[in-house]
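The values are calculated or read from the model by the stated rules, or taken from the named source; none is laboratory data. A quick note: this is a predicted structure, and the numbers were derived from the prediction, not measured. Here the Cβ is made from the backbone with ideal geometry for all residues, glycine too, and neighbour counts use every protein chain on show.
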Amino acid sequence: MTDRKAARNPHALFVIEGDCQRPLAFGPLDLADLHANYQVDDMATVDERLSGKGVRLRKLIDLVGPGYGTAWLTIQSLEGFTACVPLAQVSRTGVILYEKSGKALSVEDGGPARLIVPFFAAECADVKGLSRLSISREPTRHVATTAQAQGSGTALRR
């Protein structure tokens, strides 16, 4: 499968694209419309320091339909942060925070979307200003061979 791009949507908070069947751009209404089983109504149940509403990353990954043999997820933020991590580890517990106190997540709180990965020992366990997730079979060229990369992924800042 080739690298597919999501159709651009002016209301999108972030996109999931790459080696997948249906690359998608997700806006706040798209996230709010997902089934209640995939919603996290109180982020304090995931991390006691957080508040707001989120959606489980595994559902979003299922919606785009990752290609056969895909194993890596590249995370990009609006500020230029890039991290390449194992897809299975991050999608299992990852949550995307998109709302706080009934309103869109503000930039001060890490908005417009924020990726939280509990129990993941790396810088990319809390990515503010999420803009793009890209699924791939191989790690991106930005991944360095470090102890962190061998166990949980690598995070790089540009």
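Look at the range 85-98: where a residue is in contact (Cβ under 8 Å) with a residue 60 or more places away in the chain and more than 12 Å from LYS128 (Cα to Cα) and a partner is crowded, with 21+ Cβ neighbours inside 10 Å and of a type outside the set (Gly, Ala, Ser), sitting 6+ places away or on another chain with Cβ atoms under 6 Å, you get VAL85/LEU73; VAL85/CYS124; VAL90/LEU73; VAL90/VAL117. Of all residues in the range 59-71, at least one satisfies being closer than 23 Å to ARG137 by Cα and hydroxyl-bearing (Ser, Thr, Tyr).
A count restricted to the range 5-33 and to residues that are under 20 Å from ILE75 (Cβ atoms), aliphatic (A, V, I, L, M) and more than 16 Å from the chain's Cα centre (by Cα) stands at 0.
Evaluating ALA104 against the criteria (1) more than 18 Å from ILE16 (Cβ to Cβ); (2) out of contact with any helix residue (DSSP H, G or I) (no Cβ under 9 Å at 6 or more places or on another chain); (3) not β-branched (Val, Ile, Thr) leaves one unmet condition, (2). Whenever a residue of the range 1-24 is under 11 Å from GLY67 (Cβ atoms) and hydrophobic (A, V, I, L, M, F, W, C), its partners that are surrounded by fewer than 18 Cβ atoms within 10 Å (Cβ to Cβ) and modelled with pLDDT under 70, lying with C-beta atoms within less than 7 angstrom and at least six residues away or across chains, give the pairs CYS20/ARG4. The residue that is nearest to the chain's Cα centre (by Cα), counting only those in the range 57-73 that are crowded, with 21+ Cβ neighbours inside 10 Å and β-branched (Val, Ile, Thr), is ILE61.
The residue of the range 92-144 that is surrounded by the most Cβ atoms within 10 Å (Cβ to Cβ), among those that are in a loop (DSSP other than H, G, I, E, B), hydrophobic (A, V, I, L, M, F, W, C) and more than 10 Å from the chain's Cα centre (by Cα), is LEU105.
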